[in-house]
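One structure is given below, encoded as structure tokens.
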Amino acid sequence: MPSVIRSASPRHTGITKFTNCRLVRGDELVWDDVWVSSATGKILRSQSAFYDELIMPDEVVDLGGRIVSPGFIECQLNGAYGFNFSTIADDMAQYGKQLRDLNRKLAQTGVTSYVPTVTSQTSELYKRVLPYLGPSGASRCAQEGAESLGAHVEGPFLNPARNGVHNPSALRVASSLSDLEDMYGATNITPSPSSFHRQKPSQEESEGEDDESSLPSPDQQHGNNDTIPIKMITVAPELGSMTSLIPALVSRGVIVSIGHSEATYEQASAAVAAGATMITHLFNAMRPLHHRDPGIFGVLGAPDRSSDYSTSPAHESPSPSRPAGPRPYFGLIADGIHLHPATVKIAWHAHPAGLVLVTDAMHMVGLPDGRYPWTNGEGEHFIVKRGNVLELEGTGGVIAGSSITLVDCVSNFLNYTGATIPEALRAVTATPAAMLGVQRVKGCLDAGADADLVVLSERSEDGGKRELVVDEVWKFGIKIFERGSDKIV
């Protein structure tokens, strides 16, 4: 356990200094100190605080060589601990209460920010639940646990041929933006005129270091009262007019992800050229890779040639000889069930900078084996949990999400790929932050970023198996979890 030295200074600064620790900096673990402020909720520039402003920390925490990572960011979570985002409560005040309980429990797994996911449902359900799931970080209250960065609507504009567990009767085809506004509720997908508008940067811009003036302020990036609840939408771009609608969605600040789709390589490339920047759970519920038709996976192998499209119409379909621009990010479920370990490794090597580890976890996370009701459009549906395997009842074994935690996905990824610890942690910190457009605020340990931290121990078993363990979680510079404690501290 860490040793804590309390300052003898009568001046209380709200500052904690972590020392004797290894910080995740890019693709390296760097021995260094990190200072955080509970007053501002930010990471401090330590030399400036100590030498220029003569500030002493209230506490110095010796971490004994353990790892300090940015807080984890989960980009596909359907629910957990008995609470399903895709459900309507008789009293919606209870929905809000259960959501707050989930946020506190989720933080104990190292997740400090996440994108709550709602599957293919009725219009009524979307309109009832989405206002609860929008960005929640404006209060900057550490004790609330994990914060939402905005909702992910995974459906219902998906291909019935690749529905997975989504009820085919709930799926729809869009011919205009009004179809989406009617489905989700116009206020959930249409920013107010006073909102901050900015098309999400390309992957290259997201990873740049110099032009901070081009980025929105933290309040503009998340937690702004004008921010719409929907942050991301998964669509099948080959259906209806969806590809032509992508630029308009992007202009509203919505991230468009390709998923549950039969798209060919050419159709997927056209969607990327139009502004799609993410792929939902790569390989699952999509056309498989074929040597003559690589499908959606093929866009990860295309060279980045965004300049080719700077003056091209967004609707112009690229050809195999003229691939789309910046390669998209992609979600990967490393639970040992959805994908073979070799498949995980292949995807990582295809596009290391684009990999985002996700759980696709359901509300059975943290619950015992059993048969659980699940809202799936109309009718009565159940998911059966046996160990870590979830299956939709009555389908002969169709996988229904996962019950894994994100830190366990990271450990699996380490063992499947031989990646270094910083490379694995990047897939749940810096890369999802860049995909969501909140880099420099989330997903890093740079001065000025939110002080969302995870303290990790590493374990090795006989045979070389590696595991990361969450020891502590800090939110906005305040410790909210310590292993061995059953509740937020």
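The values are calculated or read from the model by the stated rules, or taken from the named source; none is laboratory data. In this text, all values refer to a predicted model and were calculated from it rather than measured experimentally. All Cβ positions, glycine included, derive from the backbone under ideal geometry; neighbour counts span all protein chains shown. Protein only, heavy atoms only, side chains kept; ligands, DNA and RNA dropped before computing areas. Shrake-Rupley method; radii C 1.70, N 1.55, O 1.52, S 1.80 Å.
Here are the numbers for this structure:
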| quantity | calculated |
| --- | --- |
| Cα→Cβ-extended label distance, 7 Å offset, between Thr395 and Arg100, nm | 3.4 nm |
| For region 254-304 and region 123-197, distance of Cα centres in Å | 21 Å |
| Spin-label pair Glu380/Leu177, simplified geometry with 7 Å Cα→Cβ offset, distance in nm | 4.3 nm |
| Estimated FRET transfer efficiency when R0 is 25 angstrom, pair Thr122-Arg371 (beta carbons, to 0.05) | 0.60 |
| Global form of region 56-151, assessed from the alpha-carbon gyration tensor, a/c cut-off 1.5 | prolate |
| Within region 371-414: backbone nitrogen closer than 12 Å to the Glu458 label point (7 Å, Cα to C-beta) | 414 |
| Percent antiparallel among DSSP beta bridges (both partners in region 27-140, rounded to 5) | 50 percent |
| GluC sites (Glu not before Pro) restricted to region 385-489 and DSSP loop, no more than 10 other C-beta within 10 Å | Glu461 |
| Distant-in-sequence amide H partners of Phe382 (H built 1.01 Å from N, under 5 Å) | Trp374, Glu393 |
| Counted charge near Asn159, where neighbours are those whose Cβ lies closer than 12 Å (Asp, Glu -1; Lys, Arg +1) | +1 |
| Between region 371-425 and region 73-94, the alpha-carbon center distance in angstrom | 16 Å |
| Cross-link table Lys97/Lys479; Lys231/Lys345; Lys42/Lys127; Lys231/Lys475; Lys231/Lys442, entries beyond 26 Å C-alpha to C-alpha | Lys231/Lys345; Lys42/Lys127 |
| Where labels lie 7 Å past Cα in the beta-carbon direction, separation of Ile88 and Gln143 in nm | 3.4 nm |
| Per-residue SASA entry for His291, accessible area with 1.4 Å probe, Å² rounded to 10 | 150 Å² |
| Those trypsin sites (Lys or Arg not before Pro) in region 319-423 that DSSP places in a loop and that have at most 13 other beta carbons within 10 Å | none |
